[in-house]
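K.L.:
Below is one structure. I have some questions about it.
The values are calculated or read from the model by the stated rules, or taken from the named source; none is laboratory data. What you see is a predicted model; the values in this text were computed from it and never measured. Please note: Cβ atoms are built from the backbone with ideal geometry, for glycine as well, and neighbour counts cover all protein chains shown. To get the accessible areas, we keep the full protein, side chains included, count just its heavy atoms, and leave off ligands, DNA and RNA. Shrake-Rupley method; radii C 1.70, N 1.55, O 1.52, S 1.80 Å.
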Amino acid sequence: MHYENAWISVREDQVIRPDGAPGIYGVVHFKNRAIGVLPVEEDGSVWLVGQYRYPLDAYSWEIPEGGCPPGESPEETARRELVEETGLTAGHWEFLGTMHLSNSVSDEVGYLYRATQLTPGPNQPEPTEQLEVRRVSWIEARAMIDRGEITDSMSVVALLKEALRRF
């Protein structure tokens, strides 16, 4: 183990490369599973969350996302994160699938959900979050991807899955 904090650990493994020579491989282990929720309104509009992302030194528009700790189910985390980040509760949930977010260097697994039959309420962001919540039309969400304003992988995948549903 080379580094560890509350969210990740980083290790270096000694490996035999495909060419037979010795080598190393660095692996980032995520302690929580990644959860993403695509909140979809009856008119087809979607809810996005904007926030500054330190590793990128950039502002990012995303679907509501968060970490699923051990002992909590992915759906429980999805429900919690939706309320925390947007104030929305959903009457209907659909599991969209899992994904590996950066499988060349990490073991992080993401779980995606689609939330509908939405009811508004106050959001409850964590003290580490300063969020902007925005409802955008489906056309605007697609345009944001095209303009490079939505680059978060879970958000792009969720919106592309939504596009497949619609066409």
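K.L.:
What are the residue pairs meeting all of these: first residue in segment 140-158, first residue open to solvent by less than 40 Å² (accessible area, probe 1.4 Å), second residue of a type in the set (Phe, Trp, Tyr), Cβ atoms under 7 Å, and 6 or more apart or on different chains?
P.N.:
Partner pairs satisfying both residue conditions: Met144/Trp61; Ile150/Trp61.
K.L.:
Is it the case that segment 100-112 has a residue that's open to solvent by 60 Å² or more (accessible area, probe 1.4 Å), under 19 Å from Ala158 (Cα atoms) and assigned to a loop (DSSP other than H, G, I, E, B)?
P.N.:
Within segment 100-112, one or more residues are open to solvent by 60 Å² or more (accessible area, probe 1.4 Å), under 19 Å from Ala158 (Cα atoms) and assigned to a loop (DSSP other than H, G, I, E, B).
K.L.:
Restricting segment 103-126 to residues that are aliphatic (A, V, I, L, M) and under 30 Å from Glu12 (Cβ atoms), which is farthest from the chain's Cα centre (by Cα)?
P.N.:
For segment 103-126, the residue satisfying everything is Val105.
K.L.:
Within segment 150-163, work out how many residues are in a helix (DSSP H, G or I) and either touching a Cys at 6+ places or on another chain (Cβ under 6 Å) or farther than 18 Å from Ser45 by Cβ (or both).
P.N.:
3
K.L.:
Let me ask something additional. Among the residues of segment 42-71, write down those that are without any contact (Cβ under 8 Å) to a residue 60 or more places away in the chain, open to solvent by 10 Å² or more (accessible area, probe 1.4 Å) and touching a helix residue (DSSP H, G or I) at 6+ places or on another chain (Cβ under 8 Å).
P.N.:
Passing the criteria: Gly66, Pro69.
K.L.:
If I ask for residues that are closer than 16 Å to Glu85 by Cα, surrounded by fewer than 16 Cβ atoms within 10 Å (Cβ to Cβ) and touching a strand residue (DSSP E or B) at 6+ places or on another chain (Cβ under 6 Å), which ones from segment 117-130 would you list?
P.N.:
Thr119
K.L.:
Let me ask you something else. Given Val83, Val133, which one is in contact (Cβ under 8 Å) with a residue 40 or more places away in the chain, outside any helix (DSSP H, G or I) and surrounded by 13 or more Cβ atoms within 10 Å (Cβ to Cβ)?
P.N.:
Val133
K.L.:
If a residue must be hydrophobic (A, V, I, L, M, F, W, C), surrounded by 11 or more Cβ atoms within 10 Å (Cβ to Cβ), within 19 Å of Asp107 (Cα to Cα) and over 11 Å from the mean Cα position of the chain (by Cα), how many such residues does segment 10-41 contain?
P.N.:
Going through segment 10-41 one residue at a time, the tally reaches 5.
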